[in-house]
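Visitor: Below is one structure. I have some questions about it.
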Amino acid sequence: MTESDSTPHIGQIVLIKKGRDAGQFAVIIRQMDERFVLIADGDKRKYDNPKKKNIQHLDYCNYVSPEVRSSILESGRVTNRKLRWALGEFADKAMDDIEGRQN
């Protein structure tokens with residue numbers, strides 16, 4: 001799991017650094033302006049009730065879910081199930097990377 005200091009992208013997985021949800025992962029579902037994004041995880045933070053987050057309080061992961069990104073860009077929304085699935089896929093990929101380094 002590598003981190004990126006690039007600009008935020010819709011569908012990108014982020015690690016929350018500050019606040020009540022620190023240490024948890026979420027998905028960027030919208031960029032408000034140059035300073036704030038909306039994030040959701042499909043579980044505690046549903047798509048219909050996203051968290052507004054300062055981008056300085058997030059670590060960007062080098063993983064953008066193509067399914068989430070295309071869904072949002074095509075229809076303007078994404079299901080909570082798809083957000084949970086994307087986070088699960090990211091976790092599986094991160095575990096594969098960790099196991100690959102250990103072998």
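Since every read-out is calculated from the coordinates, none of them should be taken as a lab result. Everything numeric here is computed off the predicted structure, so don't read it as measured data. A quick note on method: Cβ atoms are made from the backbone with ideal geometry, for glycine too, and the neighbour counts reach across all protein chains shown.
Visitor: State the label only: which of (i) 2, 14, 26, 26, 19, 8, 3, 1, 0; (ii) 2, 13, 20, 21, 21, 11, 5, 4, 3, 1, 0; (iii) 2, 12, 23, 27, 22, 11, 2 corresponds to P(r) over Cα pairs in 5 Å bins from 0, in percent computed from the shown model?
Guide: Given (i) 2, 14, 26, 26, 19, 8, 3, 1, 0; (ii) 2, 13, 20, 21, 21, 11, 5, 4, 3, 1, 0; (iii) 2, 12, 23, 27, 22, 11, 2, the calculated one carries the label (i).
Visitor: Filter the trypsin sites (Lys or Arg not before Pro) in segment 29-103 down to the DSSP loop ones having no more than 14 other Cβ atoms within 10 Å, then list what survives.
Guide: Arg35, Lys44, Lys46, Arg77
Visitor: Give me the distance in nm between label points sitting 7 Å out from Cα along the Cα-to-Cβ direction at Asp96 and Arg35, one decimal.
Guide: The two pseudo-label positions are separated by 4.0 nm.
Visitor: Hand me the GluC sites (Glu not before Pro) from segment 34-103 located in a DSSP loop with no more than 16 other Cβ atoms within 10 Å, in residue order please.
Guide: Counting only loop positions with at most 16 other Cβ atoms within 10 Å, the GluC sites (Glu not before Pro) in segment 34-103 are Glu34.
Visitor: Here's another thing I want to ask about it. What is the total of Lys pairs in segment 1-102 with C-alpha atoms under 17 Å apart, excluding same-chain pairs fewer than 8 positions apart?
Guide: For segment 1-102, the number of qualifying lysine pairs is 13.
Visitor: Taking the Cβ of Val27 as the center, what net charge do the other residues with Cβ under 10 Å away carry, scoring Lys and Arg +1 and Asp and Glu -1?
Guide: Charge balance in the 10 Å sphere: +3.
Visitor: Arrange Thr79, Thr7 by Cβ neighbour counts within 10 Å, fewest through most, would you?
Guide: Starting with the residue having the fewest Cβ neighbours, the order is Thr7, Thr79.
Visitor: Using only helices, what value at 222 nm comes out for the chain when you add -39,500 (n - 2.57) per DSSP H run of length 4 or more and divide by the total residues, to the nearest 500 deg cm²/dmol?
Guide: Roughly -10500 deg cm²/dmol at 222 nm, from the helical runs in the chain.
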